[in-house]
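K.L.:
I have a structure here, written as structure tokens, and I will follow up with some questions on it.
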Amino acid sequence: MTRWRRLPAALAAGCVVLALSGCPVGEDEQTPEPTPSAADLGPARPIDPSTDLPAYPGPPASGPPSTGPLTTVRAAIDLTAATPGVFARVVAAVATPDGGAFALLTPADRALPQTLVTVRGDAIAGSVALPRVEDVWDVHLSGDGSVLVVGNLGDDGYGLRVVDPATGAVRTTVLLPARDDLHFSIGRSALHPASGRLHVVLSVATDAGVREALLAVDVATGRVVAERDLADDVAASSAYPLADQLAGLLPRPDGGVTLVFDASPTQVPQDRIPTLLRYDGDLEPVGGAARVTGSSEGAETQSIAGAADGTVFLLVAVEDGSWLLAVPDGGGAGPLLAQLEDRVYGYALLVEPAQVWALLPSPVGVRAVDLTTGEALLPEGLGCYHRLDVRALLPAASGALAFGECDSPREDTQFLWFLGP
């Protein structure tokens, strides 16, 4: 049965009916009458951190050795040659196991297609065009070498494009068909390459209210193999829908996922609590919600990173700066790993597999933080001396991958940086 949550007054402007199965909505389908969920009418929601669950114990003893801070530039690739005569910004990237990467470039001219660039070593090795994904939620590398671009597909609706980076062949899977009255949709995704299963979370506002769902998609066939309505799961922790409080979706080692969002348990939206909801491979809940802080901290999630053992790392903004926190798979609130004064450069976070060093953006490049001592090292530059903008930090085979732009050698030059110890 479809569940709908009434929109808070601040979000009550226009919307649509959601069909997540990938099938077109029938002409005579009626919009369900909005009804509050059981959680909306139930007792007060918890506002305290989940200290009753196991806390993060630190780097795993069985984990790989630490490589040290990932602040050395191994290669800087100027992507200008990939789109000759066209200005395009790099909006996403994903590293490859052989030390290369794929970068997705979006032209400023909306009539032009996007370009998927292949990078090997320190050079551009090729590029292919693909139909635009107007709002890119995530990019993944599948087990067969194809690249998955997930997000708003424009006139095609919402879903993913599966791109062969060698031939440019594109296969589109629509999870939510386009409709003229659809105005608000946010999503995130996580891929399990071994199983070929992509998980996607969608939050869509409609005239009837807000419809939120978690889907499991078989990438090879484009078939939705499981779907979970999130209305009651989210409402049990928050008076508000996921919407722009959705921080991300991370894979769990059992084939499931962890959904991270900022819950507002009271009618005061600013009283946020970074919250984790865990699901197994069949999208069944694993335990209850894990609250990383309490409402009194007013924490707001800035960025997240995941580890192979299911640990979730969060950088959250608080009144006097930022906190770096970690939650083990199945665990809850635990010790503060690091406290930073900066609240501006917390929009990206990378944690090495050893779980000893974290990496954040900085005004000149990147900054490493020791998660075992809380010490933040001085920022390290990326060789850009004119208006640097590091947009994202991603895991790579030999360290980290960053992308962004620099005003040298020319204004708004798009770059990939490979970083190592």
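The values are calculated or read from the model by the stated rules, or taken from the named source; none is laboratory data. Fair warning: this is a prediction, and the values are worked out from it, not measured in the lab. Virtual Cβ from ideal backbone geometry, glycine too; neighbours counted across all protein chains shown. These area figures cover heavy atoms from the full protein model, side chains too; ligands, DNA and RNA do not enter into them. Shrake-Rupley method; radii C 1.70, N 1.55, O 1.52, S 1.80 Å.
K.L.:
Can you give the three extents of the C-alpha atoms in the range 329-421 along their principal axes, from longest to shortest, in whole Å?
P.N.:
Reported extents, whole Å, longest axis first: 47, 30, 21.
K.L.:
First check a/c for the range 97-229, with a ≥ b ≥ c the square roots of the eigenvalues of its C-alpha gyration tensor; if it is under 1.5, answer rounded, and if not, answer prolate when a/b is larger than b/c or oblate otherwise.
P.N.:
oblate
K.L.:
Quote the accessible area belonging to D48 in square angstrom, nearest 10, computed with a 1.4 Å probe and with ligands, DNA and RNA left uncounted.
P.N.:
Here the accessible area works out near 100 Å².
K.L.:
Which one, E300, E375, E227, has the greatest fluctuation when you compute a Gaussian network model over the chain with C-alpha springs under 10 angstrom?
P.N.:
Result: E375 has the largest fluctuation of those listed.
K.L.:
Heavy atoms only, probe 1.4 angstrom, no DNA, RNA or ligands counted: give me I186, I124 ranked by accessible area, highest first.
P.N.:
If we order I186, I124 from most to least accessible, we get I124, I186.
K.L.:
Could you tell me the relative contact order of the range 132-230? Use alpha-carbon pairs under 8 Å, at least six residues apart, and round to a whole percent.
P.N.:
That works out to 17 percent.
K.L.:
Same structure, new question: Take the Cα gyration tensor of the chain, multiply each eigenvalue by 5, square-root it, and list the three semi-axes largest first, rounded to whole angstrom.
P.N.:
32, 28, 19
K.L.:
Hey, what number do you get for the chain at 222 nm if only DSSP H runs of n ≥ 4 count, each worth -39500 (n - 2.57), divided across all residues, to the nearest 500?
P.N.:
Dividing the helical sum by the residues of the chain leaves -500 deg cm²/dmol.
K.L.:
Summing Lys, Arg as +1 and Asp, Glu as -1, what charge do residues with Cβ under 9 Å from the Cβ of G281 carry, G281 excluded?
P.N.:
Summing Lys/Arg as +1 and Asp/Glu as -1 gives -2.
K.L.:
When you take every Cα atom in the range 218-312, what is the radius of gyration, and what is Dmax, the widest Cα pair distance, in Å?
P.N.:
According to the Cα coordinates of the range 218-312, Rg and Dmax are 13.9, 46 Å.
K.L.:
Out of every Cα pair in the range 284-371, what percent are spaced more than 15 Å from each other?
P.N.:
Looking at the range 284-371, the distances longer than 15 Å represent 57 percent of pairs.
K.L.:
Which whole-number percentage describes the relative contact order of the range 273-382, with Cα contacts under 8 Å and a sequence gap of 6 or more?
P.N.:
Rounded, it is 17 percent for the range 273-382.
K.L.:
Still on this structure, I have one more. Given the C-alpha centroids of the range 144-209 and the range 309-383, what is the distance between them in whole angstrom?
P.N.:
Cα centroid of the range 144-209 versus Cα centroid of the range 309-383: 29 Å apart.
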